[in-house]
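Undergrad: The structure under discussion is supplied below as structure tokens; questions concerning it will follow.
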Amino acid sequence: MGEILSALTAVITRIFDVLVLPFGSHRTAGLIALSMLTGAGLTLLYRALADEAGIRRTREVFKARVIEMRLYPDDLVLILRALGGAIAAQGAYLRVAAKPILVVALIAIPFFIQVESRYACAPLAPGARTVVTARLKPGLDVRQVPSGLAGTAATDASSVRAPATREIAWRVNALPGRQPLQLEVYGQSYRFNVCAQRDGRAIGHERRARSLMGALTDIGMPSISNDSPIETVTIAYPRASYALFGAHMSWLWVFALGTMVGASIPAVLLRVAL
């Protein structure tokens, strides 16, 4: 199952890499474009799956029941009857709309993860320092484990070891671009990149071993083999913010706004029944 998820994630990641390629280092523009495409695409998918005639029918029944309650405010029997009809109409709406909503929600998850992996963190500035942390598997004593970190990025030879959390940490000086690093523990190597390049590709900030969900969520860093003594590798990146409407926002706000705008375009043009 993990291999299937990893292969699916690799395909989706490649598609998103192509989508953001035209925006280059303009990360805000890439985030807005991806958000609008996500909103428009999910709305079109909902329209293809939904029984729009059934949705409109249940909505009209609900409106009629609400109007009925307003027309007869002094007749308790009619009000209760109309209220029961309104509740039944809402139940019918949920039965009609539940399937397309659920499918769209499930498909939206990998879209959300892809955008988060690219825009939640900011790439390092060339020359900036960060920390690479390796957590070892239970039962290993970090004070005794032979380990090292090397690569084209300038790294400190010494490490900081925390026995309580089974973690070993190194400071890294980021060089321009995506520079490879090689982590060695007990003679086993794990290779990954540290990112100091402004583009729309995924910024791998964490990778967990033997995690089923990690195959879907840990984008931007290669998988850790099951026989590796490493449990988790983490790179500390700064949180990203984006200038929009004169304010600095987190990626999530920009994504939410862009998704709503993107969803509204086909919804209005095609009169999608929601």
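Undergrad: Pairs of Cα atoms under 8 Å, at least six residues apart: use those to get the relative contact order of the chain, whole percent.
TA: 27
Undergrad: Report the equivalent ellipsoid semi-axes for the chain in whole Å, largest first, defined as the square roots of five times the eigenvalues of the gyration tensor built from alpha carbon atoms.
TA: Computed over the chain, the values are 50, 22, 17 Å.
Undergrad: Let me ask something else about it. Give me the one-decimal nm value for the distance between modelled label points at Ala64 and Lys99, 7 Å along each residue's Cα-to-Cβ direction.
TA: For the pair Ala64/Lys99, the computed spacing is 2.4 nm.
Undergrad: Taking only protein heavy atoms and a 1.4 Å probe, what accessible area per residue, in Å², does the stretch 52-164 have with all protein chains in place?
TA: 58
Undergrad: In addition: Using 1/(1 + (r/R0)^6) with R0 = 25 angstrom and r between the beta carbons of Arg56 and Leu76, what's the FRET efficiency to the nearest 0.05?
TA: Efficiency computed from Cβ-Cβ geometry: 0.25.
Undergrad: Then there's this: Give, as a single signed number, the net charge of other residues whose beta carbon lies under 12 Å from the beta carbon of Ala88, with Lys and Arg counted +1 and Asp and Glu -1.
TA: So the environment of Ala88 carries a net charge of +3.
Undergrad: Report, in deg cm²/dmol and to the nearest 500, the calculated mean residue ellipticity at 222 nm for the chain, where each DSSP H run with n ≥ 4 adds -39500 (n - 2.57) and the sum is divided by the residue count.
TA: -16500 deg cm²/dmol
Undergrad: Among residues other than Pro126 whose Cβ falls under 12 Å from its Cβ, what is the net charge (Lys/Arg +1, Asp/Glu -1)?
TA: Once all neighbours under 12 Å are counted, the net charge is +3.
Undergrad: In the stretch 23-75, if the dipole is taken from +1 on Lys/Arg beta carbons and -1 on Asp/Glu beta carbons about the Cα centre, which of Ser35, Ser25, Ile55 is farthest to the positive end?
TA: Sorting the options by dipole projection puts first Ser25.
Undergrad: A further question follows. Hand me the chymotrypsin sites (Phe, Trp or Tyr not before Pro) from the stretch 161-266 located in a DSSP loop with no more than 13 other Cβ atoms within 10 Å, in residue order please.
TA: The qualifying sites are Tyr186, Phe245.
Undergrad: Quick one: in the stretch 232-274, what % of C-alpha pairs are over 12 Å apart?
TA: Counting every Cα pair in the stretch 232-274, those more than 12 Å apart make up 70 percent.
Undergrad: For the chain, give the percent of accessible area contributed by carbon and sulfur heavy atoms, probe 1.4 Å, rounded to a whole number.
TA: C and S fraction of accessible area: 64 percent.
The values are calculated or read from the model by the stated rules, or taken from the named source; none is laboratory data. All of these numbers come straight from a predicted model, not from anything done at the bench. When we count neighbours, we look across all protein chains shown, and the Cβ atoms used for this are built from the backbone with ideal geometry, even at glycine. For accessibility, only protein heavy atoms count, side chains too; no ligands or nucleic acids. Shrake-Rupley method; radii C 1.70, N 1.55, O 1.52, S 1.80 Å.
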